[in-house]
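Following: one structure in structure tokens, then a few remarks.
The values are calculated or read from the model by the stated rules, or taken from the named source; none is laboratory data. Quick caveat, the model's predicted, so the values are computed rather than measured. Backbone-built Cβ (ideal geometry, glycine too); neighbour counts: all protein chains shown.
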Amino acid sequence: MIHSLFLINCSGDIFLEKHWKSVVSQSVCDYFFEAQEKAADVENVPPVISTPHHYLISIYRDKLFFVSVIQTEVPPLFVIEFLHRVADTFQDYFGECSEAAIKDNVVIVYELLEEMLDNGFPLATESNILKELIKPPTILRSVVNSITGSSNVGDTLPTGQLSNIPWRRAGVKYTNNEAYFDVVEEIDAIIDKSGSTVFAEIQGVIDACIKLSGMPDLSLSFMNPRLLDDVSFHPCIRFKRWESERVLSFIPPDGNFRLISYRVSSQNLVAIPVYVKHCISFKENSSCGRFDITIGPKQNMGKTIEGITVTVHMPKVVLNMNLTPTQGSYTFDPVTKVLTWDVGKITPQKLPSLKGLVNLQSGAPKPEENPSLNIQFKIQQLAISGLKVNRLDMYGEKYKPFKGVKYVTKAGKFQLGRFGR
Amino acid sequence: MPYLGSEDVVKELKKALCNPHVQADRLRYRNAIQRVIRHMTQGLDMSGVFMEMVKASATVDIVQKKLVYLYMCTYAPLKPDLALLAINTLCKDCSDPNPMVRGLALRSMCSLRMPGVQEYIQQPILNGLRDKASYVRRVAVLGCAKMHNLHGDSEVDGALVNELYSLLRDQDPIVVVNCLRSLEEILKQEGGVVINKPIAHHLLNRMPKLDQWGQAEVLNFLLRYEPRSEEELFDILNLLDSFLKSSSPGVVMAATKLFLILAKKFPHVQTDVLVQVKGPLLAACSSESRELCFAALCHVRQILRSLPGHFSSHYKKFFCSYSEPHYIKLQKVEVLCELVNDENVQQVLEELRGYCTDVSADFAQAAIFAIGGIARTYTDQCVQILTELLGLRQEHITTVVVQTFRDLVWLCPQCTEAVCQALPGCEENIQDSEGKQALIWLLGVHGERIPNAPYVLEDFVENVKSETFPAVKMELLTALLRLFLSRPAECQDTLGRLLHYCVEEEKDMAVRDRGLFYYRLLLAGIDEVKRILCSPKSDPSLGLLEDPAERPVNSWASDFNTLVPVYGKARWASISKCQGAERRGPELPNTASFATAGPLIPDENKERAQELPDSGALMLVPNCQLTAECFEKTWFSLKVAHQQVCRWRGAVHPDTLQMALQVVNIQTIAMSRAGAHPWKAYLSAQDDTGCLFLTELLLESENAEMQISVKQSEPRTETLNSFISVLETVMGTIGDIKS
């Protein structure tokens, strides 16, 4: 299926290659570079490229391209998903998925790739199984290793490989039995200049961190399960039970995993927690303009909105900006024309604002485009959809676990102002 | 780090690896090996230390083993004689008490990829298949496929295949999936692994235990199984229901495809399934991974073609955001254009109008074309938007709007009046060939409604000397002549000047010939000119949107979840043909498309040609000599029976092409010089029944597409199709050698 993998950085160096069948020459990447040149911006390289002998399916993650070479017809989503899994694994092992991290750990990278694919087919990809096969590098372990000369490869075969439930290893033991759930919701929204919502949707996930001994059988119920529109499940969840009773019933994997992901898209249910008033005006025949932006809380359910960052893509003719923020700090990159304002949190007594002058190229015509804003924020202890976990029950084991649920809401693709308006 | 040539590095590392002090110190030894691996991964040739590395493989340190094995797999094909030395150690490791070492050794041994290794790996593989550790069995099962590949295409080992079939009942789910993968490769020549009823039901029961990759692949294998009864069919569908809600888009897509194919006789079930996966698909369309979004959007377009209303209420999901990559924006615009209906047309058009002024010219133009597409149904609103866009006086916008107008008046004649009013003034903002051609065509055909049309054309004639595009000059000739028919007084003088220029001064032969032709036509009398030039000005029948009922789900179900939706069917056909022609031997993905590839083999002889009737019922006669005159006569007397384009990179090398065509008994009548623009060739061939195939090849400019037009003296579709596939194979092969 996947013949070879090339890792390529932004400047076009192939810094790692791995072949699972015969060796494919690096020159196959020339087709990729050709497409990259055509695309002008690295972000725009199409994910599927065909060459006379192969297909190249690539993903772009953290400024790196993962280019897979495929020789037979394959389901594209399958390959894309797998490549992301490879990148996720690197991220998980090295803390970041960067060229430097991969080069520093090149040996582990090869070990991982060897276990994740054999003959081009995906094998072990579950992070907790991989971690038993190949221990992730830690500072402590590398110190210990260098003294004792021991390796970072597990000496025993992961027991999970023999258990009847493929996602859980047998004989798990913890002294503190804990089960934590994070309900994370992201708001994707497009809001036009007048402040009315063009489109809004909540993408939610429940991530779990389960450290329970033995073979616990959990069931998680919600106060308002009807809220969830489209739900996709971790394979451990019993689908029939959800269909009939709207209860999540499952034997969990050991460690961290994503339990469900869901969408809430009925527009009236999606609350928009912030509003932004922005105004940019240019005078005819003048190389100056005014810029003014204010942020305030809207439907925030009484919680504090924090971690606010505003990014504005200014028109090309803008030379520089001279602004004063009432709080936080701002930067303007005159090359990419991106204004970034790090606001912090909103205190309702004094709304944060950023005002000042915009300098244009002299003689350039008044810019046509109206810049659009992207905004990031975070609200702790709130799931904006109103989703609430009712209770968590455990069967099959005798001990009493410690349970916890955390809620957080973030901005996803949150955009204000539209193309050209 | 200072740059060291690979020789110095090899020498230094060799010294380190041989040093007994290093060998004694486990850490230093491993570090030296790690350095070898690091250099290897950076593309330096490290094969020089092969001997030393083989020695290093005899160790208890499992990391060191792994590294050495990795090294050996890379360089074994280069040093087969030395690699044989390593096999001993590997064989010993295959019976190590630690299952991980066993698996590792077996995997490395199977991946050595050097001739002669088969005899050594056979026994360890057979032992591995019966190993008690599932980890080893997984490796051994895939090892069977690797061993088969090493053997080349030799006969299939029946006993091994039976063993693999029985391992489908293994209790480890990954062993089961690996068996399927392995059998599929081994039995490729016989059509792959057979899924009968017991196997199918066994797999269905194991599904929940598989990991997501296994699930997706098993769903794909199940496509081969045809349920015996309706009851069985619905049982299967019920069992698989939950996979439509899987968290992995790959599994969802594979399940959807299986549902669509199994329920091919139950359209309502198919529609139901598509409703069910709407949610997961939409979620994938807004996934964090842009590549997933892209692939999902391509599939959304595919579904929309049969069910135009399917995503209409979700149209806002397909609004572009500023920061998305280009390829996603373009897909979204296409989707918007397809899902438009009475309720959302206003909002969609407003959104698209916003994109028209985007900084990226490509994106803006795509949005304008999309509005043009919607205009076929919602003409008035769209023409108004397009007219407003002209007011921006931006070059890249104006040219596309005018092209859209040209297509629109042809399909929707009711908008002609509005278009004619919008046109004056456009000529100042058009510089490119396509835009100019469109404008000139409009002025020529509808000039009687545009007051200043003759004067605009006159300006073009004034500047004809500096015009760089021959196509524009051709268009100008035709347009001016047409306008002359409706407004003779204003055009006569200009036309005279243009004809004079074309006949006396023009360097491009095609333009000059066209000029001469019109001149002689005018001599033949005005009625004759009218008869020839006044063709219909529109053809609304083309503009009606294709009836979705004519594109049933079944027509694309088998393409779902493949690369076809990513490329579009037509482009895919040409890509896979080109790829196919290059690939021979065990890698053939689809034997059917190679039925006619036989005669391409260079040591072609007459017997080969005789074999052709089996594959396509076509036999071309080797020595059909047609004179050029005879060809010309027949060419003009026949209609084009088939026309298509194929991908072509770079320039044409006529000699190579001629030789390749000769091999398959296609004669070349005439051909342009290498590098001529446009490049043309005329070919002829005759089959055993005396039916003639005449072909024109036309390459407009470099790196474009080769247009192929075929005429046939007796209309018989089967032989025509066979002939075309022979021709395509030749073109595909030559085209790829060139690139």
Within segment B:433-468, can you find the residues that are surrounded by 15 or more Cβ atoms within 10 Å (Cβ to Cβ) and not in a helix (DSSP H, G or I)?
-> B:446, B:450, B:452, B:467
If you check B:400, B:383, B:340, B:348, which single one turns out to be more than 9 Å from chain A (Cβ to nearest Cβ) and in contact with a Ser or Thr (Cβ under 8 Å, 6 or more places away or on another chain)?
-> B:340
Examine segment A:138-155 for a residue that is modelled with pLDDT under 80, buried (at least 16 other Cβ atoms within 10 Å of the Cβ) and assigned to a strand (DSSP E or B), and state whether such a residue exists.
-> yes
Of the criteria (1) touching a helix residue (DSSP H, G or I) at 6+ places or on another chain (Cβ under 7 Å); (2) polar (S, T, N, Q); (3) away from every other protein chain (no Cβ under 11 Å), which one residue B:166 fails | (1)
What about residue A:195, is it assigned by the TED database to the domain that holds residue A:221, assigned to a loop (DSSP other than H, G, I, E, B) and modelled with pLDDT under 80?
-> yes
Tell me, which residue of segment A:47-77 that is at the interface with chain B (Cβ under 7 Å from one of its Cβ atoms) and in contact (Cβ under 8 Å) with a residue 60 or more places away in the chain is surrounded by the fewest Cβ atoms within 10 Å (Cβ to Cβ)?
-> A:72
Inspect segment B:373-391 for any residue being closer than 30 Å to residue B:295 by Cβ, aliphatic (A, V, I, L, M) and out of contact with any Cys (no Cβ under 7 Å at 6 or more places or on another chain) and give the result as yes or no.
-> no
Can you name every residue in segment B:476-490 that is surrounded by fewer than 24 Cβ atoms within 10 Å (Cβ to Cβ) and over 45 Å from the mean Cα position of the chain (by Cα)?
-> B:485, B:486, B:487, B:488, B:489, B:490
Restricting segment B:404-421 to residues that are aliphatic (A, V, I, L, M) and buried (at least 20 other Cβ atoms within 10 Å of the Cβ), the residue that is farthest from residue B:448 (Cα to Cα) | B:408
Of (1) touching a residue at least 12 places away in the same chain (Cβ under 8 Å); (2) surrounded by 18 or more Cβ atoms within 10 Å (Cβ to Cβ), residue A:107 fails just (1)
How about segment A:36-46: which of its residues are under 23 Å from residue B:565 (Cα atoms), more than 10 Å from chain B (Cβ to nearest Cβ) and surrounded by fewer than 16 Cβ atoms within 10 Å (Cβ to Cβ)?
-> A:38
Residue set A:261, A:281; condition more than 14 Å from chain B (Cβ to nearest Cβ) and hydroxyl-bearing (Ser, Thr, Tyr); output residue A:281
From the residues in segment B:250-286 that are more than 9 Å from chain A (Cβ to nearest Cβ) and among the hydroxyl-bearing types (Ser, Thr, Tyr), which one is farthest from the chain's Cα centre (by Cα)?
-> B:271
Qualifying positions in segment B:671-722 - of a type in the set (D, E, K, R) and out of contact with any Pro (no Cβ under 6 Å at 6 or more places or on another chain) = B:673, B:680, B:687, B:688, B:696, B:702, B:705, B:711, B:714, B:716, B:718
Residue A:256 being assigned by the TED database to the domain that holds residue A:345 and part of a strand (DSSP E or B) = no
Does at least one position in segment A:311-324 carry a residue that is surrounded by 15 or more Cβ atoms within 10 Å (Cβ to Cβ), under 16 Å from residue A:274 (Cβ atoms) and free of Cβ contacts under 8 Å to residues at least 60 places away in the same chain?
-> no
If we keep just the residues of segment B:352-362 that are modelled with pLDDT under 90 and more than 8 Å from chain A (Cβ to nearest Cβ), which is farthest from residue B:405 (Cα to Cα)?
-> B:360
Answer yes or no: is there a residue in segment B:162-185 that is touching a residue at least 24 places away in the same chain (Cβ under 8 Å), hydroxyl-bearing (Ser, Thr, Tyr) and closer than 26 Å to residue B:67 by Cβ.
-> no
Between a first residue in segment A:207-230 that is away from chain B (no Cβ under 14 Å) and under 19 Å from residue A:388 (Cβ atoms) and a second residue that is exposed (fewer than 15 other Cβ atoms within 10 Å of the Cβ) and of a type outside the set (Phe, Trp, Tyr), which pairs have beta carbons less than 6 Å apart while being 6 or more apart in sequence or on different chains?
-> A:219/A:393; A:221/A:390; A:221/A:391; A:222/A:390; A:223/A:388; A:223/A:390; A:225/A:246
